[in-house]
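Please read the structure below before turning to the comments.
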Amino acid sequence: MLELTVYGIILGSIIALGAIGITLIAHISRMFDFAYGDKMTAGAYIALLVSTLFSMGGLLQGKVGPFSFNWGLMVAFIPAILITAGLSILFNRWVYEPLRRRGAIPILFAMVSMGIAFALRGLIYILWGADYHFYSPSVRPMIFLPLGIKLRTDEVFIMVVAWALVALIYLFLTRVKMGKALRAVADNPDLARIAGISTERMIVWTEGIAGALAAVGGVLYGIETQLRPEMGWLFLLPLFAAAILGSLGSIRGALVGGLVMGIAQQVSTAWLLPTYKPAVAFIIMVLVLLFRPQGIFGRR
């Protein structure tokens, strides 16, 4: 059970990254982005493409320290982040911004984002097929910890990267002028507009940051498991459940919600088949909506 809890923390760290992106978009753009999971998938596959190109060219093939992946994947993080963030900004510019100008109702944004999700997934099926892919076919080194806990070295990397990014986002939102402007728009967009803050500019920043987090989360999830076209779509429910559990708009809440969701899903495998993990996320989300709809850190 203790080992499952540790695995839950690893999974929860990835969920927390995605939940932060979800909660930023929901709180600042005032919409639920159902394409977010497929943006994670897109980021993961872009990193796969770049790292494969490096391997074909005989470049950056050396392993990164004790990890199973090579330097090509480490470098591939950069184009994956830039392209996925760029896609998020373009979707906002070409799709969501015109809808906002026309005063579209929230359900329309949800349906449009779902259409974008299907389009991204279809493109991935066309380019890479339905087969599973791995960043590295090599054996993954293990670390043996006290109390019989076994961890892959890759999982240590995942936790370090995820927690470092959460800390950077928190510092950005609380210490940097642009981050404070984002919070102002989230709290009161009309007052922020009167104060001279461009709401649309803040939304662009939000989409870019959320897209970057989606790319990193997708690559980390691909390192932990494997790449498949529907990986992000299946990951979407835990992301929303974590964001709702921790209270929409709260970075701290997204982190706590992600960890709770990850631990709950992994511990549930002691009694249930792993295929039931999305059902666990759904049950937790429903219970939160019934008994504390404002979330853990929300106010009534």
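Please treat every number below as a calculation from the coordinates, not as lab data. Quantities reported herein were computed from a predicted structural model and do not represent experimental measurements. Ideal geometry is used to build each Cβ from the backbone, glycine not excepted, and the neighbour counts take in all protein chains shown.
Ranked by how many other Cβ atoms sit within 10 Å of their own Cβ, fewest first, the residues LEU49, LEU248 fall in the order LEU49, LEU248. Helices in the chain, meaning DSSP H runs of at least 4 residues, each add -39500 (n - 2.57). Divided by all residues, the mean residue ellipticity at 222 nm is -23500 deg cm²/dmol. The 3J(HN,Hα) values that the Karplus relation (6.51, -1.76, 1.60; θ = phi - 60°) gives for the stretch 274-286 are, in residue order, x, 5, 8, 4, x, 5, 4, 4, 5, 4, 4, 4, 5 Hz. Gly and Pro appear as x. Rg ratio for the stretch 21-231: its Cα radius of gyration over 2.2 N^0.38 Å, N being its residue count, equals 1.13. Contact order, relative form, for the stretch 1-140: 31 percent (alpha carbon pairs under 8 Å, 6 or more residues apart, mean separation divided by residue count). Among the chymotrypsin sites (Phe, Trp or Tyr not before Pro) in the stretch 255-300, those placed in a DSSP loop whose Cβ has at most 14 other Cβ atoms within 10 Å are TRP271.
By the beta-carbon count within 10 Å of each Cβ, the least crowded to most crowded order of LEU259, LEU287, fewest first, is LEU287, LEU259. Kirkwood hydrodynamic radius computed over the stretch 1-114 comes to 16.4 Å, based on all pairs of distinct alpha carbons. For the chain, the residue among PHE67, MET261, MET178 whose Cα projects farthest onto the positive side of the dipole built from Cβ charges is MET178.
Axis of helix 36-56 versus longest Cα principal axis of the chain: the two differ by about 40°, to the nearest ten degrees. Summing charges over all other residues whose Cβ lies under 10 Å from the Cβ of ARG152, with Lys and Arg as +1 and Asp and Glu as -1, gives -1. A Förster radius of 25 Å combined with the Cβ-Cβ distance from THR153 to ARG175 puts the calculated FRET efficiency at roughly 0.20. Within the stretch 114-203, the chymotrypsin sites (Phe, Trp or Tyr not before Pro) that combine a DSSP coil assignment with at most 12 other C-beta atoms in a 10 angstrom radius are TYR132. Centroid-to-centroid, using Cα positions, the stretch 184-229 and the stretch 42-73 are 26 Å apart. Placing dummy labels 7 Å off each Cα toward the beta-carbon, the span from ALA164 to MET56 is 3.0 nm. Coupling constants for the stretch 196-206 follow from the phi torsions by the Karplus curve (6.51 cos²θ - 1.76 cosθ + 1.60, θ = phi - 60°), and in residue order they are x, 8, 6, 4, 5, 5, 5, 5, 4, 4, 4 Hz; glycine and proline get x. Dividing the mean sequence gap of close Cα pairs (under 8 Å, 6+ apart) by how many residues the chain holds gives a relative contact order of 37 percent. On a per residue basis, the convex hull of the C-alpha atoms belonging to the stretch 57-139 measures out at 142 Å³.
Across the stretch 161-168, computed HN-Hα scalar couplings (Karplus, 6.51 cos²θ - 1.76 cosθ + 1.60, θ = phi - 60°) run 5, 5, 5, 5, 5, 4, 5, 5 Hz from first to last residue, x flagging Gly and Pro. Within the stretch 229-268, name every residue whose backbone N is under 11 Å away from a label modeled 7 Å from Cα of ILE283 along the Cβ vector. Backbone N within reach: 265, 268.
LEU87 sits among other residues whose Cβ lies under 11 Å from its own Cβ, and their net charge, with Lys and Arg +1 and Asp and Glu -1, is 0. Among the listed pairs LYS63/LYS177; LYS39/LYS180; LYS177/LYS277; LYS39/LYS277; LYS63/LYS150, those whose Cα-Cα separation exceeds 31 Å are LYS63/LYS177; LYS177/LYS277. Could you compute the net charge surrounding TYR45? Neighbours are other residues with a C-beta less than 14 Å from the C-beta of TYR45; K and R count +1, D and E count -1. Taking every other residue near TYR45 into account, the sum is 0.
Average projection, convex hull of the Cα set of the stretch 172-293: 9.1 square nanometres.
Cβ-Cβ distance of SER138 and MET111, R₀ of 45 Å, FRET efficiency by 1/(1 + (r/R0)^6): the value works out to about 0.60. Computed from the C-beta positions of ALA195 and LEU49 and an R0 of 35 Å, the FRET efficiency is 0.25 to the nearest 0.05.
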